[in-house]
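So the structure is just underneath, and the comments pick up after that.
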Amino acid sequence: MNNPKAIYERPLEEMIGKLLDMGIKDFSVIDAVRRVPRHIFIDEALRSRAYENMSLPIGYKQTISQPYIVAKMTELLVRNSENKNKKLGKILEIGSGCGYQSAILSYFADEVHSVERIKQLVNKARENLSELRIYNVLIKNRDGFDGWDEEIKYDGILCAAAPPEVPQRLLSFLKVGCPLVLPVGGSKSQKLKLVTKTQKGFEEEEFENVAFVPMLGGTSK
Ligand code: SAH
């Protein structure tokens, strides 16, 4: 094990191949996935499976999302924002988990604000991101239904836990023309959705079936 990074190079490339096969088209997204070592975010016992295209447990009954879904949601977010080819100003993420999706998002915005309801996961995500020297992601232990700060309007919001329906409150934290990407539904059936805020209200587009942990109210210390 002279160079631990080299051990993961091949599985990472295989995973990238899978994401391309599954329809991820945006090369800036592929590039970000290539730059973030997923094994850092996964407990040692499961690390050999870090580059399989599947969700894995991260403790506290939560999971790190499937790489394809992380890439797909990031693609929907960056391709549908007002400034398509420019770096975004601020992105809000709901459900930091272990911080993997936050690390990917860090390449697309000046600042990522991420909220997580489980205190221990806030600490875990902060540790993981500082190990990767990613400093433009701020994490708070907070109920995502309340967003980050009423005063801030975001260029995009990505929600990594499934509410039963689109939370109208989250739309109030968006700039006009900007997207909210999220899974919506209960434990039996969920759809990935893109909701874009318009002058008059919002527009909704539906994508594939997904399986996320539920978005729960309140925080757990
Ligand atoms: N994107 C994460 C995966 C997150 S799993 C990653 O890459 O690892 C979903 C996370 O959402 C869980 O950690 C869960 O605790 C959190 N969550 C659920 N409901 C929430 C809420 N209302 N506010 C904030 N976080 C929430």
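Computed from the coordinates by the stated procedures, all read-outs in this text should not be read as laboratory data. Because the structure is a prediction, the values reported are computed rather than measured. Using ideal geometry, Cβ is built from the backbone for each residue, glycine included, and neighbour counts are taken over all protein chains shown.
Overview of values
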item	result
E150 paired with A211, simple spin-label distance in nm, labels 7 Å along Cα-to-beta-carbon	4.0
Full-extension gain in nm, Y60 to V166, via 0.36 nm per residue minus C-alpha separation	35.7 nm
Signed unit charges on C-beta, dipole axis of the chain, positive-most listed residue L12, Q168, G186	L12
Cβ crowding within 10 Å averaged over residues, with 181-188, 66-73, 207-214 ranked highest first	66-73, 181-188, 207-214
Approximate spin-label separation K188-R79, in nm, with each point projected 7 Å along Cα-to-Cβ	3.2
Cα convex hull of segment 4-209, projected area averaged across orientations, nm²	10.8
Set K25/K188; K61/K200; K124/K191; K140/K193; K72/K124 screened for pairs whose C-alpha atoms are more than 31 Å apart	K61/K200
Distant-in-sequence amide H partners of S220 (H built 1.01 Å from N, under 5 Å)	I118, K119
Aspartates and glutamates with Cα under 16 Å of K84, excluding same-chain neighbours fewer than 8 positions away	D26, E75, D110, D155
Å³ per residue enclosed by the Cα convex hull of segment 27-88	98
Inter-label distance, nm, simple model (7 Å from Cα along the C-beta direction), R35/K87	0.9
Cα extents of segment 122-177 along the three principal axes, largest first (Å)	35, 24, 17
Global geometry of segment 109-221, whether rounded, prolate or oblate, following the gyration tensor of its Cα atoms and the 1.5 cut on a/c	oblate
